[in-house]
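Data block below; observations after.
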Amino acid sequence: EFRGRGDQIHVYPLSFAEFMSVDNRHPIDAWNDYYTYGGLPHVLTLETPKKKIDYIKRLYTTVYINDIVERYKIKGESELKELIQIIASAIGSPTNPNKLANTFKSLKNVSLSNKTIDNYLTYLCESFLTEKAIRYDIKGKKYINTLSKYYFTDVGVRNAILDFRQQEENHIMENIIYNELKIRGFQVDVGVVEHRTTDKDGKRIRKQYEVDFVANQGSQRYYIQSAFIMPTDAKERQESASLLNIDDSFKKIIIVKDYIKPKRNEEGIVTIGLIDFLLKPELINW
């Protein structure tokens, strides 16, 4: 009866720009709260860190977990929670059900089948707790389903899952950049670039480089690297290596935590400060 008459509107937590619209502090100070407590609107109404933490933890256990367990009739609730903790502690790391099953076996001494883990991962995405980014072979122009990355829709919930004990700002920054691209309407994949060369003995060498994000929207495409800091020329070359091995003309961007002016190097790679990227959407086309 309703076929063809409906549409889905995906409402995300607040972006950093939306967060700043009701926060009068300097962006750097606001960023510390944002990457710690996330962008759920009610968090902004709470005055103390304890109230924020208690709210997010309560939301995770009484809404997310209860909903997933009841909706999918899950019997192994403790294994589900353990899986979520493992994913939360390794955001931005390529994984798959087989790797996660091995992790369960080695760390928890628990056997969980690949099929069960695959189902659990699907449930987490369907409940909007996490999102899955599939690896994409940029030169081969095809998807690689062997490994994927999982990011949390709200980093505050991710931090609560780990009891706010694992605050690696570089990994959380990568998660937030992913969320920002999704909020802006991009389809976001994880890029892989293969480079073939020959060593001094004439042996063929194949090396794979990873591009953090391949962001697509219609005919537009951007290759984006999340680099927390680039204090030396050697670090800049390391972060640029994957982008330099892409031979098409789409824009290539490195986002750094430093508060810097946008710059473009001789190879055409643009470097943008994180705060500018989050607050000035037009800079992606600078």
Requested in this report: Could you list the residues of the range 103-124 with an amide nitrogen less than 13 Å from a label point located 7 Å from the Cα of Gln85 in the Cα-to-C-beta direction?
Outcome: 104, 107-110
Report summary line: Counting only DSSP beta bridges fully inside the chain, the antiparallel percentage to nearest 5 is 70 percent
Report task. Tell me the label-point distance for the pair Lys263, Arg204, using the 7 Å Cα-to-Cβ offset, in nm and rounded to one decimal. Result -> 3.9 nm
Query raised in the report: Full extension from Thr232 to Asn216: what is 0.36 nm times the residue separation minus their Cα-Cα distance, to one decimal in nm?
Result: 2.7 nm
Report task. Multiply the residue separation of Glu47 and Glu77 by 0.36 nm, subtract the distance between their alpha-carbon atoms, and state the gained length in nm to one decimal. Result -> 7.5 nm
Report task. Once you've got the Cα coordinates, tell me which of Lys207/Lys235; Lys142/Lys235; Lys51/Lys257 are over 26 Å apart. Result -> Lys142/Lys235; Lys51/Lys257
**Report entry** Qualifying aspartates and glutamates (Cα of each under 19 Å from Cα of Lys132; at least 8 residues distant if same chain)
**Finding:** Glu82, Asp118, Asp154, Glu174, Glu180, Asp189, Glu210, Asp212
Requested in this report: For the range 1-131, divide the Cα radius of gyration by the Kirkwood radius and give the resulting Rg/Rh value with two decimals.
Outcome: 1.04
Query raised in the report: Using only helices, what value at 222 nm comes out for the chain when you add -39,500 (n - 2.57) per DSSP H run of length 4 or more and divide by the total residues, to the nearest 500 deg cm²/dmol?
Result: -10500 deg cm²/dmol
Query raised in the report: What span do the alpha-carbon atoms of the chain cover on each of the three principal axes, reported in whole Å from largest to smallest?
Result: 57, 49, 49
Report task. Would you kindly state how much longer the chain becomes between Asp118 and Asn145 on full extension, computed as 0.36 nm times their sequence separation minus their alpha carbon distance, in nm to one decimal? Result -> 8.5 nm
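The numbers here are math on the coordinates, done by the rules we state, and not lab data. In this text, all values refer to a predicted model and were calculated from it rather than measured experimentally. Quick reminder, even Gly has a Cβ in these numbers, built from the backbone with ideal geometry, and neighbours come from all protein chains shown.
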